[in-house]
1. If you take the residues in segment 36-91 that are among the polar types (S, T, N, Q) and either closer than 14 Å to LEU13 by Cα or touching a Phe, Trp or Tyr at 6+ places or on another chain (Cβ under 9 Å) (or both), which one is surrounded by the most Cβ atoms within 10 Å (Cβ to Cβ)?
2. Please note which helices (runs of 4 or more DSSP H) are completely contained in segment 1-90 and include at least 2 residues that are modelled with pLDDT under 85, polar (S, T, N, Q) and in contact with a helix residue (DSSP H, G or I) (Cβ under 8 Å, 6 or more places away or on another chain).
Amino acid sequence: MYNLLWVVVVGFLAGVVARMLSPGPNNPAGFILTTILGIAGAFLATMLGQAVGWYRADQGAGIIGATVGALIVLFIWNRLVVSNKIKDPGNPSASATPPRRWL
């Protein structure tokens, strides 16, 4: 239970730092999406670090590794929004249908 709480706290901090380092119109908005972004980054950094051999099986990524992982997740998020694979929840006008043209 303690480890899961620690991952959420580190993930949230990593998500906030990643959003500060990568400003732009396609950032996921809100507390929940920032936390999910950071947690996904923390898990990504932990998996990659364990695969490369930087961390043991019982270790997790720290704040720097989680922030780098969150930046990678944010980059993938931005690419998916730009290519219209997913809608941007931070931009409600992007999800609205364009007005019909009568010509």
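The values are calculated or read from the model by the stated rules, or taken from the named source; none is laboratory data. Please read all numbers here as calculations on a predicted model, not as lab measurements. For neighbour counting, all protein chains shown are included, and Cβ atoms are generated from backbone atoms with ideal geometry for every residue, glycine included.
1. Narrowing segment 36-91 to residues among the polar types (S, T, N, Q): 46, 50, 59, 67, 78, 83-84, 91.
When the remaining residues are screened for being either closer than 14 Å to LEU13 by Cα or touching a Phe, Trp or Tyr at 6+ places or on another chain (Cβ under 9 Å) (or both), the result is 46, 67.
Working: THR46: 20, THR67: 25.
So, considering only residues that are among the polar types (S, T, N, Q) and either closer than 14 Å to LEU13 by Cα or touching a Phe, Trp or Tyr at 6+ places or on another chain (Cβ under 9 Å) (or both), the one surrounded by the most Cβ atoms within 10 Å (Cβ to Cβ) is THR67.
2. Filter on segment 1-90 gives 31-52.
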